[in-house]
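J.: I'd like to ask you about the structure that follows.
The values are calculated or read from the model by the stated rules, or taken from the named source; none is laboratory data. Quantities reported herein were computed from a predicted structural model and do not represent experimental measurements. Neighbour counts run over all protein chains shown; Cβ positions are idealised from the backbone, glycine included.
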C-alpha cells in the first residue's frame, strides 16, 4: 500500500536545482549545454562535471558510481529539485538500492521520463510526488509552452488541466493517481517490488522505437499480469518511430492500430493523443498525484498539485 502522499515544497526562481545522470552516458553535449542555459535563466543549476564524462559501456559510469551520485543528490539539503540530464538505460540496475525513507526525508520533485520511469515509480512507491517531464537535453527543442507547463508544475501549488484535445478510444471518466511512463520500462517493473500501487490508478504511457508487434507483446503482457484489471483508466501518449522496417516481410498494423485493438477491449475509459513522450511535445505530468480523466471532454486534469 502506498504511504500518504508527500508533496515537496514548490520551487521559486533562484532556487538551487541539481542535474543527475543516472542512466546512459552524456553523448549530447550541445543539447545538454543549451538545456542547462534554459534552466539557469530561472534557477541556480548545479551538477558534477565528472558525470558528463563518466562512461562504462552503455552506462554513465559504474553502478556504484551512479548509485552514489544519485544518493548524494537525493539527500542534498540545498537542492530543491532534481532534473535528469538524459535517459538511456541503467536505472533498473540500481533502483533496488534507492532508499524510500531518503526520498521521504528529503522530498524534492524529480523531473524525468523514459528511463526515468523507474525513478518516478520509486518515488511513487515511497509516496512522494514527482514529475514525468522533459530531461535537460530535450528542453531546447520543445516549444515554450511545454517549458512553461513544466515550470508551472514545479512552482504552483494549484492543480491544473494537464492535457486537452485527447481522443476517445473508450468513453468514460476515471479518478485516480497518475502512474506509468515509458511502456517498455514500466512493463519491466511488473512483478517487482518497484511497481507502484495500481489499484484505482490512471495509467499513462508512451513509447519510442518499438515495432508494432512488440507494442502488442508489451500490452498483452500487462493484460495477462492483471494491470488493466486494477487501473481505472488509460491515457496513451506519443508512439515515436514505432514502425515496422520497410524491408520486413510482416504485413503489420501500425502501432496506433495495435494500441486501439488491444485497449478497446477493456472495460475502462481510454484516451489517445496525449502530447507527452519522445515526440515534438512533452507536456509535464505530475506523478503519483490524484487526477481525473474525462475521455468525452478529452481532458486529463490534476486534482492535486505535485508541490505545496
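J.: Out of contact with any helix residue (DSSP H, G or I) (no Cβ under 6 Å at 6 or more places or on another chain) and under 24 Å from residue 140 (Cα atoms), is that true of residue 21?
T.: For residue 21, the condition - out of contact with any helix residue (DSSP H, G or I) (no Cβ under 6 Å at 6 or more places or on another chain) and under 24 Å from residue 140 (Cα atoms) - is not met.
J.: Looking at this structure, is residue 36 touching a residue at least 40 places away in the same chain (Cβ under 8 Å) and in a helix (DSSP H, G or I)?
T.: Working: touching a residue at least 40 places away in the same chain (Cβ under 8 Å): yes; in a helix (DSSP H, G or I): yes.
Yes: the conditions hold for residue 36.
J.: Sort out which residues of the range 6-28 are surrounded by fewer than 16 Cβ atoms within 10 Å (Cβ to Cβ), out of contact with any strand residue (DSSP E or B) (no Cβ under 7 Å at 6 or more places or on another chain) and at pLDDT 95 or above, and write them in order of number.
T.: Residues satisfying the conditions are 9, 12, 13.
J.: Another one. Return a yes/no flag: does the range 293-302 have any residue that is modelled with pLDDT of 95 or more, in contact with a helix residue (DSSP H, G or I) (Cβ under 8 Å, 6 or more places away or on another chain) and either in a loop (DSSP other than H, G, I, E, B) or under 20 Å from residue 110 (Cα atoms) (or both). Quick ask: steps written out before the conclusion?
T.: Start the filter on the range 293-302 by keeping residues that are modelled with pLDDT of 95 or more, which leaves 293-302.
With in contact with a helix residue (DSSP H, G or I) (Cβ under 8 Å, 6 or more places away or on another chain) added as a condition, the list becomes none.
No; the residues of the range 293-302 include none that is modelled with pLDDT of 95 or more, in contact with a helix residue (DSSP H, G or I) (Cβ under 8 Å, 6 or more places away or on another chain) and either in a loop (DSSP other than H, G, I, E, B) or under 20 Å from residue 110 (Cα atoms) (or both).
J.: Between a first residue in the range 71-94 that is at positive phi and a second residue that is in a loop (DSSP other than H, G, I, E, B) and surrounded by fewer than 22 Cβ atoms within 10 Å (Cβ to Cβ), which pairs have beta carbons less than 6 Å apart while being 6 or more apart in sequence or on different chains?
T.: 88/24
J.: Is there a residue being touching a strand residue (DSSP E or B) at 6+ places or on another chain (Cβ under 9 Å) and free of Cβ contacts under 8 Å to residues at least 40 places away in the same chain anywhere in the range 116-137?
T.: No, there is no match, as no residue in the range 116-137 is touching a strand residue (DSSP E or B) at 6+ places or on another chain (Cβ under 9 Å) and free of Cβ contacts under 8 Å to residues at least 40 places away in the same chain.
J.: Suppose we filter 171, 159 for residues that are farther than 20 Å from residue 218 by Cα, crowded, with 16+ Cβ neighbours inside 10 Å and more than 15 Å from the chain's Cα centre (by Cα); which single one remains?
T.: Only one candidate qualifies: 159.
J.: Any idea which of 126, 130 is buried (at least 24 other Cβ atoms within 10 Å of the Cβ) and in the same structural domain as residue 73 (by TED's automatic domain parsing)? Give the steps one after another, and end with the answer.
T.: Details: 126 fails: buried (at least 24 other Cβ atoms within 10 Å of the Cβ).
The unique qualifying residue is 130.
J.: Now, a different point. Just to verify a result, which residue in the range 47-67, among those that are modelled with pLDDT of 95 or more and under 22 Å from the mean Cα position of the chain (by Cα), is surrounded by the fewest Cβ atoms within 10 Å (Cβ to Cβ)?
T.: Filtering the range 47-67 for residues that are modelled with pLDDT of 95 or more and under 22 Å from the mean Cα position of the chain (by Cα), the one surrounded by the fewest Cβ atoms within 10 Å (Cβ to Cβ) comes out as 58.
J.: Take residue 283 and tell me if it is over 29 Å from residue 96 (Cβ atoms) and in contact (Cβ under 8 Å) with a residue 12 or more places away in the chain.
T.: yes
J.: Modelled with pLDDT of 95 or more, within 20 Å of the chain's Cα centre (by Cα), buried (at least 18 other Cβ atoms within 10 Å of the Cβ) and within 30 Å of residue 96 (Cβ to Cβ): is that true of residue 209 in this structure? Spell out how you get there, then give the answer.
T.: Details: modelled with pLDDT of 95 or more: yes; within 20 Å of the chain's Cα centre (by Cα): yes; buried (at least 18 other Cβ atoms within 10 Å of the Cβ): no; within 30 Å of residue 96 (Cβ to Cβ): yes.
Judged against the criteria, residue 209 is not a match.
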